[in-house]
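No value in this document is a laboratory result; all are computed from the given coordinates. Note that the structure is a prediction, hence the values are computed from the model and not measured. Positions of Cβ are generated from backbone atoms using ideal geometry, with glycine treated the same way; all protein chains shown enter the neighbour counts.
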Amino acid sequence: MAHIISRKHAARPLPSRLTHTTAALALMAPALALAQQAEPNSALPAVKVKAAVENDYKAERSSSTKVTQPLVDTPQTITVIKKELLLEQGATTLSEALRNTPGITFQMGENGNTQTGDAIFMRGFDTQNSIFVDGIRDIGTFSRDVFNLEQVEVVKGPVGADIGRGAPTGYINLSTKLPTLVDANSGTVTLGMAETKRGTLDINRALPFLGDGTAARLNLMYEDRGVVDRDHVEKNSWGFAPSVAFGLNSPTRTYLYYLHLEQDNVPDGGISAIGMDGWAFSAAQQTTFTNAGLPVPTPARVDRSNFYGSTSDYDRVKADMFTARVEHDLKPGVTIRNVSRFGRTEQRYVLTGINAVAISGGTVNPADPSTWTVGRSRQGKDQENQILTNQTSVNADFATGELKHSLVSGVEFIYEKQTNLTQGAVAGQVTDPANLYNPDPNGRFADVRSTGARTAGSTVTAALYAFDTLKLTESWLLNGGVRWEKYKTTTDAITLSTAAANPTLPVGTPLGSNLTKGDDLLTWKVGAVWKPTENGSVYVAYSTAEKPPGSENFTLNASATNINNPNMDPSKASNLEVGTKWELLDKRLAVTAAVYKAVTKNDLVSDVDPVTGVATPIGKKTVEGIELAAAGMLTPAWQLSAGIAFMDTTINETNNVNQQGQSLSWSPKTAFTSWTTYRLPFGLTIGGGARYQDSALRSSNAVVTGVSNIPSYWVFDAMATYEVTKNLSLQLNVYNVADKFYVQSLNSGGSRYTLGAPRSANLTANIRF
């Protein structure tokens, strides 16, 4: 067992086992003394003390104070991905962490625009604006690192009662590492392919000289690497996260913590999708071949290392987040908390996206694919996000007659702001198209600068919420929650006039506008839990969510047919779920199953009424599915995390006749993920994982060009860890062992994709000191 304890990322030193033993003997001492007095000459039976084995994959609870019951008794699909699992996999980003739950896909962008960061789709809907850190919304489109995370929690289903406005299919909560009174030091040093260099450090210290219950923690990260089989692409970042806690193990506890993260990357604008399975030329391109007397060809797929951008492309991120949390136990079972946070994220980038292939014009010869080109567009972003929030909540366990309550209620005040300075290619400058099979990163590229236009949007929210779990009997629980919030979204914009829109003004004249939308939202959830045994539950639950205009990026739109028009009502979602959860094998293994039906309405608009000039919100989408999962220990040496999701999506009502009855984009019908490890007696741990994703539709339109879907794929990973000493282990991770070609994400136009990781390897030294 010693080697299990010593290999943890957050060190669990050998003396902890002695502590268990000493405590057990201390509890037994009075009984032993009495036995000796009663029968002084009798022989005492042997006492066996068994140390607890840490469960790296199975979590008992969510970190959210709004979830008052253990996960096995919570009527909702919640996946908790612990830091130990991420360490074994060598995962460094949120996107990599989310591979451990099925049904999540990634999207690249709209046609000529390329998204950066965590562009996450879950159960058919965009979820990138529903990412939270310790229960507080985290704004920004950068790629989040996991070096300062205790665990990642994926909560599925409409959860407006939990978080307020947001995606109709759930949210992702990142739980921060905080100080404890157990001294522990650990770090990692990773070297790998594509000149990968990464180091992390986690130091936790009790500081009794500053007062009983005082501790401090420091997490550091540095990374400098390329991307395997991607020319010129780089990912460089560093971050630090100091924290201090006062009054641990006392009635009043205070946590102060800060996160600073910087990134300086060379972004990837994507690879041309031409030649991939399922590629289709447009009707106009097919006519070009016909007119030239040529058959429609089957072009070869481009080299996956091709870089179509400029070596001057960059993506720079600076993020700061400061949090203060105070907890006070008013009496046993009653705790009041107050959390304040200020966060700011800046992102500035210039990248080159690629568009459709050109098979004619200029020096391009339709009969010779080596002369074909792809258009390149220069894109820029200058965005700042800010959030200021204060939350106060009370958790109370009490009884009213025969009923036992676990109540949490609270109030939140939130100010969120996003400022975008519009960027564009300098007028008169030219970006040359790239040769399809031999792109030049040093060619002619237009400069990208601020155009003078900008958008500043903000949302102010005040909310009240309450959740209660009633224990009716030992076998029946009733869970319910409600959230009321009042919000106001304001968008101030400066646009530049055009000749078509303002013929009386000089082109480029700045024009100001102001739009405001304020309203009340009421969302709720209810669930009933039946516990046939102490280690299992069966539940049924219903929940709702609402997303008002301007929710995605604080930008209201004056167009009568835009869903972000202030006159539009919020889109609404509901979810009915029936499930069961069990803790098996002496509660070492958690298994879950859920069947659900989610319905989203009013996320589109109809045509404007010709008489009243008013547009009506319409749209209905249905997502039905089954999810099965298991996490924990099959034996003390064998651990498993696995999940499979089956999903059926339908567009029931739409303003686009081509989408009627189609499936939702980016929504595979089947997805599977697994990871398992086995510890051998001589200090060697071996493991690996398999991931499967069914094909995912790229566009819900019936007629498409380019690549119509993300092809299905299987990917296999492997890992081996050897403990050299109790303080040092060496870990080898091999990704995509079979070197399977697969698409990580595809753009909405079907013209370019992001490459799934080819076969690669990293070697990590895990150090405890």
(request) Treat the count of other C-beta atoms within 10 Å as a stand-in for reagent exposure and order SER475, SER574 from fewest to most. (result) SER475, SER574
(message) Within a 10 angstrom radius of the beta carbon, how do LEU515, LEU728 rank from fewest other beta carbons to most?
(response) LEU728, LEU515
(message) What are the extents of the Cα atoms of region 70-155 along their three principal axes, in Å, largest first?
(response) 45, 29, 24
(message) In the chain, if the dipole is taken from +1 on Lys/Arg beta carbons and -1 on Asp/Glu beta carbons about the Cα centre, which of SER729, GLN429, VAL233 is farthest to the positive end?
(response) SER729
(request) Sort TYR742, TYR222 so the one with the fewest other Cβ atoms within 10 Å of its own Cβ comes first. (result) TYR222, TYR742
(request) Figure the gain on full extension for TYR222 and TYR678 (residue separation times 0.36 nm, minus the Cα-Cα span) and round it to one decimal in nm. (result) 161.2 nm
(request) Under a cut-off of 12 Å between alpha-carbon atoms, report the aspartates and glutamates in cross-link reach of LYS740, not counting same-chain residues fewer than 8 places apart. (result) ASP717
(request) Report the charge-dipole magnitude of region 522-642 in Debye, nearest 20, computed about the Cα centre from +1 at each Lys and Arg Cβ and -1 at each Asp and Glu Cβ. (result) 280 debye
(message) Let me spell out the model: positive unit charges on the Cβ of Lys and Arg, negative unit charges on the Cβ of Asp and Glu, origin at the Cα centre of the chain. What dipole size does that give, in debye rounded to 20?
(response) 940 debye
(request) Go ahead and estimate [θ] at 222 nm for the chain from helices alone: -39,500 (n - 2.57) per DSSP H run with n ≥ 4, summed, over the residue count, rounded to 500. (result) -2000 deg cm²/dmol
(message) Show me the ranking of peptides 243-255, 225-237, 65-77 by mean Cβ neighbours inside 10 Å, starting with the highest.
(response) 65-77, 225-237, 243-255
(message) For a Förster distance of 35 Å, can you work out the FRET efficiency between the beta-carbons of TRP638 and THR252, rounded to the nearest 0.05?
(response) 0.25
(message) Residue by residue through region 117-126, what is 3J(HN,Hα) from phi via Karplus (6.51 cos²θ - 1.76 cosθ + 1.60, θ = phi - 60°)? Round to whole Hz and write x for glycine and proline.
(response) x, 8, 8, 9, 10, 9, 6, x, 10, 5
(request) Enumerate the aspartates and glutamates that LYS404 could reach by cross-link, defined here as Cα to Cα under 20 Å, with residues fewer than 8 away along the same chain left out. (result) ASP73, ASP329, ASP468, GLU474, GLU534
(message) At a 10 angstrom cut-off on C-beta neighbours, averaged per residue, how do the peptides 591-599, 503-511 rank from highest to lowest?
(response) 591-599, 503-511
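How many times 2.2 N^0.38 Å is the alpha carbon radius of gyration of region 656-710?
Values: Rg = 19.3 Å, N = 55, 2.2 N^0.38 = 10.1 Å.
For region 656-710, the normalised Cα radius of gyration comes out at 1.92.
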(message) For the pair VAL430/ASP447, report the inter-label distance in nm, with labels modelled 7 Å from Cα in the Cβ direction.
(response) 1.8 nm
(request) Starting from the Cα-Cα distance between THR400 and THR516, subtract it from 0.36 nm times their residue separation and give me the gain in nm to one decimal. (result) 37.3 nm
